[in-house]
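S.K.: One structure, as structure tokens, below. Some questions next.
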Amino acid sequence: MKAIVFDLDETLISHRKQLENFIDFQYNHFYNRLKLIPFEDWKNNFIKLDNNGYVTKEVVYDNLSNIFKLEISVTELYQHFLQNFHFYISPYKRANELLHILKKYNLKLGLLTNGGTLIQNNKINMLKYENFFDEIIISESVGIEKPDPRIFDMILGRLKVEPKDCIYVGDHPFNDIIGAKEVGIKTIWMSHNRKWEHENNNPNWIANDLYGVEEIIMSEFNW
């Protein structure tokens, strides 16, 4: 094995925790104009509309505006999000330690994430992940997103490795695991205690968290 490629959100960092922290900050920042909306109503609707990060925030804010008849413009809320969301980033336990270990063993590391270039780059810069990863691809910047096989081929090409020499780690059954398997990459599914429900496309390994990912990699490499 020569390379390991990671997904970002819900694999190395907790999107849910980051979002909850930011929602609290933004509500308080705009409290004078949001105070008639109970915080729990605002938070619960935001999280539901966000759909684990798979709905753009412009759409989320537009829907919130329609639900609560906001006096604040969608543009103002969205710009505030762009300027501040990355400050509330929440890496999973063991993320940095695992990346340090993998670099120590001279493995090539890739980061492959769906999302907007500005938002994802802000997260990556906050975590200083450019110091860990040999190649980073953000879907918006290349015009292709997971599970399109071309984006997996792209990261393999940039890392200069064959599919058989790479492991991919991700949390999304389709975008991450089935997408990577289509091009022949071995996969570790970050289950977060979920059950795998796609019998014909099983991941090579399943781990509940990054501690489990580390155990699998250590075993695979006999470290």
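S.K.: Quick one: which residues, 5 or more positions from ILE136 or on another chain, have an amide H under 5 Å from its amide H? H modelled 1.01 Å from N in the peptide plane, none for Pro or chain starts.
M.R.: LEU111
S.K.: Within the set of other residues whose C-beta is less than 14 Å from the C-beta of ASP148, count the net charge using Lys and Arg as +1 and Asp and Glu as -1.
M.R.: -2
S.K.: Can you return the lysines within cross-link range of LYS160? Criterion is Cα-Cα under 30 Å, with same-chain partners fewer than 8 residues away left out.
M.R.: Qualifying lysines at Cα under 30 Å: LYS2, LYS93, LYS103, LYS104, LYS108, LYS123, LYS128, LYS146, LYS181, LYS186.
S.K.: Can you run phi through the Karplus equation (6.51, -1.76, 1.60; θ = phi - 60°) for the stretch 65-81 and list ³J(HN,Hα) in whole Hz, with x for Gly and Pro?
M.R.: 4, 5, 5, 9, 6, 5, 8, 7, 6, 4, 4, 5, 5, 5, 5, 5, 4
S.K.: May I ask for the angle, rounded to the nearest 10°, between helix 210-221 and the longest principal axis of the chain, with both axes built from Cα atoms and the value confined to 0 to 90°?
M.R.: Roughly 10 degrees, rounded to the nearest 10.
S.K.: Which of the three applies to the stretch 90-174, rounded, prolate or oblate, going by the alpha-carbon gyration tensor with a ≥ b ≥ c and a/c under 1.5 meaning rounded?
M.R.: It comes out oblate by the Cα gyration axes.
S.K.: Shifting gears a bit: With both bridge residues required to lie in the chain, what share of the DSSP beta bridges run antiparallel, to the nearest 5%?
M.R.: 5
S.K.: Work out, in µm²/s and without decimals, the Stokes-Einstein translational diffusion coefficient of the stretch 1-117 at 4 °C, 1.567 mPa s, Rh from Kirkwood over C-alpha pairs.
M.R.: In µm²/s, the coefficient is 81.
S.K.: Dipole of the chain, Cα-centred, from +1 at each Lys and Arg C-beta and -1 at each Asp and Glu C-beta, to the nearest 20 debye?
M.R.: Once rounded to the nearest 20, the dipole reads 360 debye.
S.K.: In addition: Between the stretch 33-57 and the stretch 60-134, how many Å separate their Cα centres?
M.R.: Each part reduced to its Cα centre gives a spacing of 18 Å.
S.K.: Which one, PHE39, TYR129, LEU107, projects farthest toward the positive side of the charge dipole computed for the stretch 17-139 from Cβ point charges (K/R +1, D/E -1)?
M.R.: LEU107
S.K.: Further question: How high is the relative contact order of the chain, given as a whole-number percent (alpha carbon pairs under 8 Å, six or more residues apart)?
M.R.: Reported as a whole number, the value is 23 percent.
S.K.: Work out from phi, with θ = phi - 60° and the Karplus expression 6.51 cos²θ - 1.76 cosθ + 1.60, the ³J(HN,Hα) of each residue of the stretch 163-180, listed in order in whole Hz, and give x for Gly and Pro.
M.R.: With the stated coefficients, the stretch 163-180 comes to x, 5, 9, 10, 10, 10, 10, x, 9, 8, x, 8, 4, 9, 6, 5, x, 5 Hz.
S.K.: Turning to a different aspect of this structure: Any idea what diffusion coefficient the chain gets from Stokes-Einstein, in µm²/s, Kirkwood Rh on alpha carbon pairs, 20 °C, 1.002 mPa s?
M.R.: Calculated translational D: 116 µm²/s.
S.K.: Oh, and also: Please list the non-local residues whose amide H lies under 5 Å from the amide H of LYS186, H modeled 1.01 Å from N, same-chain partners needing a gap of 5 or more.
M.R.: CYS166, TYR168
S.K.: Continuing with the same structure: ³J(HN,Hα) across the stretch 125-133 via Karplus (A = 6.51, B = -1.76, C = 1.60, θ = phi - 60°), whole Hz, x for Gly/Pro?
M.R.: 3J(HN,Hα) across the stretch 125-133, in whole Hz: 5, 4, 8, 6, 5, 4, 7, 9, 9.
Where a number appears in this text, it was derived from the coordinates with a stated rule and is not lab data. Because the structure is predicted, anything quoted here is derived from the model rather than measured. We place every Cβ from the backbone using ideal geometry, glycine too, and count neighbours over all the protein chains shown.
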